[in-house]
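S.K.: Here it is, the structure in full.
The values are calculated or read from the model by the stated rules, or taken from the named source; none is laboratory data. In this text the structure is predicted, and so the values were computed from the model without any measurement. As a convention, Cβ positions derive from the backbone with ideal geometry for all residues, glycine included, and neighbour counts pool all protein chains shown.
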């Protein structure tokens, strides 16, 4: 899942980026409102973290403009403001949630996961046929049997299942799972897909990850 952080305090921004990447999110950072707005409107993100006070364009204006173009993307305000009036104003402008500075990273992570689940209209368990993916425990089960996945395999499978029934290009996969913004060499995806298939299809189970030749992959049940 790909997140944009718009935060002018580089220490905070870099701390958040590092922490989220350890949770296998793909993360971009903008240090001012102007570049943050441009990145938010140009690229595809699953969630935005936006500071209220920013140089250039304020966080309020960033949220207001993003909402006009992308009404469904979840947005969480990072703010030192704590009055009820400020909070209500931020939510009315278009933010889905807010968190006051200073905050614990674990709380922010929980709020992010809630917004991503709400966006997809899902619970904490993703399903595809007889495959279950528990987002809270980071466990995968196929026909009731646990499948041991590495964190990166889990992140890749989560992205494919969230987009089940849709063709995911290699470029889109690598941007959302690896945070690499080029498509000159996406062979690493093929390596991980092959590893996933071996684990998921053990015991001659039906294939759930299909190749779309020359384009990418799609997660769906075999007919």
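S.K.: Among the residues of segment 95-138, count how many are at pLDDT 90 or above and at positive phi.
M.R.: 1
S.K.: To continue, here is another question. Hey, among 34, 83, which residue is farther than 23 Å from residue 178 by Cβ and at pLDDT below 90?
M.R.: On the way: 34 fails: at pLDDT below 90.
None of the others qualify; the one that does is 83.
S.K.: Another question about this same structure. Return yes or no: is residue 149 closer than 15 Å to residue 126 by Cβ, outside the structural domain of residue 29 (by TED's automatic domain parsing), part of a loop (DSSP other than H, G, I, E, B) and in contact (Cβ under 8 Å) with a residue 40 or more places away in the chain? Even if it seems obvious, please write down each step before you answer.
M.R.: Working: closer than 15 Å to residue 126 by Cβ: yes; outside the structural domain of residue 29 (by TED's automatic domain parsing): yes; part of a loop (DSSP other than H, G, I, E, B): yes; in contact (Cβ under 8 Å) with a residue 40 or more places away in the chain: yes.
So residue 149 fits the description; yes.
S.K.: Which of (1) surrounded by 15 or more Cβ atoms within 10 Å (Cβ to Cβ); (2) in contact with a helix residue (DSSP H, G or I) (Cβ under 6 Å, 6 or more places away or on another chain); (3) over 24 Å from residue 218 (Cβ atoms) does residue 105 not meet, given it meets every other one?
M.R.: All conditions are met except number (1).
S.K.: With the requirement that a residue be outside any loop (DSSP other than H, G, I, E, B) and at pLDDT below 90, what does segment 60-80 give you? Full working, then the answer.
M.R.: To start, the set of residues in segment 60-80 that are outside any loop (DSSP other than H, G, I, E, B) comprises 60-69, 75-79.
Passing the criteria: only 79.
S.K.: Okay, moving on. Kindly establish whether residue 54 is outside the structural domain of residue 7 (by TED's automatic domain parsing), buried (at least 19 other Cβ atoms within 10 Å of the Cβ) and either at pLDDT 85 or above or closer than 23 Å to residue 38 by Cα (or both).
M.R.: Numbers: outside the structural domain of residue 7 (by TED's automatic domain parsing): no; buried (at least 19 other Cβ atoms within 10 Å of the Cβ): yes; either at pLDDT 85 or above or closer than 23 Å to residue 38 by Cα (or both): yes.
Considered against the rule, which asks whether it is outside the structural domain of residue 7 (by TED's automatic domain parsing), buried (at least 19 other Cβ atoms within 10 Å of the Cβ) and either at pLDDT 85 or above or closer than 23 Å to residue 38 by Cα (or both), residue 54 comes out as no.
S.K.: Only residues that are under 12 Å from residue 77 (Cα atoms) and assigned to a helix (DSSP H, G or I): list them for segment 100-116, please.
M.R.: 108, 111, 112
S.K.: Right, here's the next one. Which residues, taken from segment 32-51, are surrounded by fewer than 19 Cβ atoms within 10 Å (Cβ to Cβ) and more than 14 Å from the chain's Cα centre (by Cα)? It would help to see each step written out before you state the result.
M.R.: First pass over segment 32-51, keeping only residues surrounded by fewer than 19 Cβ atoms within 10 Å (Cβ to Cβ): 32, 34-35, 38-39, 41-44.
Residues satisfying the conditions are 32, 34, 35, 38, 39, 41, 42.
S.K.: May I pose another question? Quick check on residue 4: is it touching a residue at least 24 places away in the same chain (Cβ under 8 Å), touching a strand residue (DSSP E or B) at 6+ places or on another chain (Cβ under 7 Å) and under 25 Å from residue 177 (Cβ atoms)? Before the answer, list the steps.
M.R.: Working: touching a residue at least 24 places away in the same chain (Cβ under 8 Å): yes; touching a strand residue (DSSP E or B) at 6+ places or on another chain (Cβ under 7 Å): yes; under 25 Å from residue 177 (Cβ atoms): yes.
Taking the combined requirement at face value, the residue satisfies it.
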